[in-house]
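For reference, the structure discussed in these notes is given below.
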Amino acid sequence: MFSIIVNGIKYHASEQTIVKQTEHKETNVIETETIYVLDQVSATIHFFQRSQGEQQAEYWFVLHNDTSEDLKIEAVHPFDRLLDTSCLEVHYFKSSWGAEYQPEHVLVKDSWEIENNKGRSSAAYHPFIYWEANNQTNLLNIAWSGNWRIAFEPENEKLRLQVGLEQSFSTYVPPKNSWESIHVVHASGADLNIASQHMVAYGEACVFPNTPLLKRSLVSWNHWWTYEDKFIDENIVLENMREAATLGIETVVLDAGWFGEGEDWTEVRGDWSIVNRARFPSGLKKLSEEAKKLGLHFGIWCEIEALGKKAELRQSHPHFAADRDGEDLGYVCFGHKPVREWALKTLTDLLADLECDWLKLDFNLDPGEGCNRLDHDHSSGDGLYEHYQGLYEVLTKLRGRFPHLVIENCSSGGLRTDWGMMRNTHINFLSDPDYASHQLQVFWAASLIIPPVRCLHFTWSQTVTEENIQPPFPWKNYNECSEADILAFLRIAGMHRYGFSHPIKDWNQQVKSIVRKGLTEYKETIFPLIIQSDMYRLTAQGNRAGNGNEAYQFISGNDMLIFLFRFDPTKEFPSIRLSGINDQKTYRVKDIDNNVTFIRAGYELEQLDVSFLTSASSLLYISEC
């Protein structure tokens with residue numbers, strides 16, 4: 001069901017005439033198209049529902065203007081449904097830099113809404129909610145990168161749920177043209193874990209793009225937190241790159257600081273064709289070639305949307321700049337065709353010249369309601385919408401030109417984490433801070449809609465340390481850490497894809513040995529299982545204070561991995577209830593840390609006693625005998 005305002009008239013699917021309905025089946029996916037005629041205007045809406053089963057579906061619509069005049073559309077809700085209840089407890093997550101996925105819940109009986117209007121999907125709230133009803137958990141996910149709104153309204157002793165674009169949005173559809181709404185995805189299951197599994201399974205089958213490199217673990221090194229732009233140069237990258245190859249790291253990603261002629265990278269964003277020769281006198285090609293010689297994949301960071309105040313691009317192409325009511329917004333407007341053409345050529349030239357395998361795509365500002373310049377290819381009310389549609393178009397074409405390329409989605413960490421971006425990228429960076437307790441809090445929630453194998457986070461990083469400057473988050477020097485702690489950091493990050501932001505060239509031999517051990521464990525035991533597994537959160541979402549104990553289970557066929565993390569050794573680890581255990585079967589349980597294997601009956605494992613585990617982390621591999 002949908003609703004929309006066209007030329008000031010509100011239309012709801014339940015009140016419109018259906019003229020045609022068709023169904024298309026392909027493998028396990030069914031797509032239904034229902035055509036509605038809108039009375040009072042000569043327009044039709046083609047409403048689509050794509051599903052892979054009864055417990056997941058994607059919704060969107062396309063409006064066709066059959067008139068000879070523009071149609072103004074507003075209040076776009078591709079999901080508008082009357083729920084069979086008058087009261088719901090709704091769970092959602094607040095967000096800000098370094099504080100993503102802060103859990104909230106509210107008992108909804110009256111009017112209630114959340115709206116993101118900062119211009120990035122996850123800047124204020126994350127674009128999904130969940131609730132329980134009729135012994136089912138429902139998970140609703142907005143596949144859109146800009147502003148959005150979720151609203152509940154009481155109606156006839158029930159609750160109406162509307163999901164769509166923000167209230168300030170409007171656009172005009174020209175005669176004989178069409179306009180497509182944003183997409184919304186719903187999944188359900190017996191509990192939150194099952195609903196999440198249905199959601200991510202649909203994403204893998206119908207939404208997320210693939211590339212052959214994703215079959216590899218692609219453990220990476222990124223210079224940012226240790227060197228930022230102030231302390232990075234050609235020699236430092238080469239030294240760390242050579243050490244990375246000896247440790248089993250597979251990918252080197254050059255972050256910000258490589259471009260432009262200024263000292264401050266933020267001021268020259270946009271000058272992507274200019275290499276900072278003060279830092280990289282031999283150019284970047286040398287780094288790429290050296291990486292290839294070492295057997296490493298080479299990647300580069302780029303904030304293609306941003307426009308620095310001192311960028312040459314601002315002077316040479318002033319019409320690229322996005323502004324609102326005459327105020328500069330700090331980015332180039334992808335709703336304008338010349339910008340899209342420039343961006344595609346710029347990225348193509350950069351990636352081709354360096355033979356990149358990896359692109360880290362970032363966006364570090366809030367565009368608000370977006371551009372309303374009247375000399376761009378959009379109207380005053382849809383600048384942000386057209387910007388994101390333009391970005392999606394560029395990324396789609398880029399993937400077509402570089403089918404091997406892995407594109408990482410990042411935006412001040414996790415402030416644009418959504419299925420709009422995941423439809424056009426491969427991996428999602430979870431958050432800028434990566435201290436252990438924060439990392440687990442973020443992963444617990446992000447993996448509700450994004451498969452672990454498409455999540456990326458660094459292991460607990462070592463940040464730049466400068467006198468009289470507070471570091472951005474707590475940091476770790478691995479040379480000062482125990483083996484148990486380092487392995488715990490690697491296992492926390494190892495529940496998904498991970499990388500290092502450390503001065504690995506300065507690690508002592510003991511640390512290097514521990515990291516090699518951890519990487520071997522990840523590549524041989526962990527990654528082959530998590531890449532094709534269902535994940536179960538065995539404990540409630542942790543918190544950044546790190547004052548609890550957490551457990552996660554991954555099941556792939558007859559094999560499973562149990563991750564256990566103990567932040568407070570004074571607290572006993574509660575008995576863990578495992579999923580997928582048949583009490584009539586016998587299982588082999590291997591304690592990876594102690595290299596001890598024991599046999600247990602299924603009924604003995606349904607409630608797993610882990611009181612004997614005392615280290616910071618433990619890993620159990622369980623398989624049927």
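The values are calculated or read from the model by the stated rules, or taken from the named source; none is laboratory data. All values derive from a computational prediction rather than experimental measurement. Note that each Cβ is placed from the backbone with ideal geometry, even for glycine, and that neighbours are counted across all protein chains shown. Protein only, heavy atoms only, side chains kept; ligands, DNA and RNA dropped before computing areas. Shrake-Rupley method; radii C 1.70, N 1.55, O 1.52, S 1.80 Å.
For this structure, a couple of remarks:
- Rel. contact order, % - alpha carbon contacts under 8 angstrom, at least six apart, the stretch 365-477: 16
- Label-to-label distance, ALA545 versus TYR392, with points set 7 angstrom from Cα along the beta-carbon direction: 4.1 nm.
- Sequence-separation-based contact order of the stretch 1-69, relative, with Cα cut under 8 Å and 6+ spacing, percent: 22
- Solvent-accessible surface ranking, highest first, for LYS345, LYS176 at 1.4 angstrom: LYS176, LYS345
- Accessible area of HIS105 in the full protein assembly, 1.4 Å probe (Å², nearest 10): 120
- Among (1) 33.3, 111; (2) 35.1, 111; (3) 25.1, 76, the entry derived from the coordinates for Rg and Dmax of the Cα atoms in Å: (3)
- Residue-normalised accessible area of the stretch 458-582, given per residue in Å² at a 1.4 Å probe: 42
- For the set GLU54, GLU327, solvent exposure ranked by accessible area (probe 1.4 Å, protein chains only) runs largest to smallest as GLU54, GLU327.
- Spatial separation of Cα centroids for the stretch 129-151 and the stretch 188-203, in angstrom: 12
- Surface accessible to a 1.4 Å probe, GLU100 within the full protein complex, Å²: 0
- In this rough spin-label picture, where each label sits 7 Å from Cα along the Cβ direction, the GLN607-GLU572 distance is 1.2 nm.
- Based on DSSP H segments of at least four residues, each scored -39500 (n - 2.57), the chain has a per-residue ellipticity at 222 nm of -6000 deg cm²/dmol.
- As a length-normalised measure over Cα pairs under 8 Å and 6 or more apart, the relative contact order of the stretch 439-502 settles at 51 percent.
- Heavy-atom accessible area per residue - the stretch 9-113, 1.4 Å, Å²: 52
- Of LYS94/LYS310; LYS286/LYS505; LYS292/LYS523, pairs whose Cα-Cα distance is over 25 Å: LYS94/LYS310
- Modelled label reach - GLU624, point 7 Å along Cα→Cβ, the stretch 526-561 residues with backbone N closer than 20 Å: 529-536, 553-561
- Area of TRP112 that stays accessible when all protein chains are in place (1.4 Å probe, Å², to 10): 50
- Computed lengthening from ASN594 to SER111, 0.36 nm per intervening residue step minus Cα-Cα distance: 168.4 nm
- Here the chain is treated with +1 on each Lys and Arg Cβ and -1 on each Asp and Glu Cβ, and its dipole about the Cα centre works out to around 1400 debye.
- Violating pairs (Cα-Cα greater than 30 angstrom) within the set LYS118/LYS215; LYS517/LYS585; LYS337/LYS360; LYS397/LYS476; LYS215/LYS293: LYS118/LYS215; LYS517/LYS585; LYS397/LYS476
- The residues THR67, THR171, THR586, sorted by heavy-atom accessible surface at 1.4 Å with ligands and nucleic acids left out, run THR586, THR67, THR171 from largest to smallest.
- Protein accessible area in the chain, 1.4 Å probe - carbon and sulfur %: 45
- Between the listed residues ILE304, ALA321, LEU284, the Cα displaced farthest toward the positive end of the dipole of the stretch 269-343, a dipole computed from Cβ unit charges relative to the Cα centre, is found at LEU284.
- Heavy-atom accessible surface of the stretch 121-174, averaged per residue, reaches 32 Å², computed with a 1.4 Å probe.
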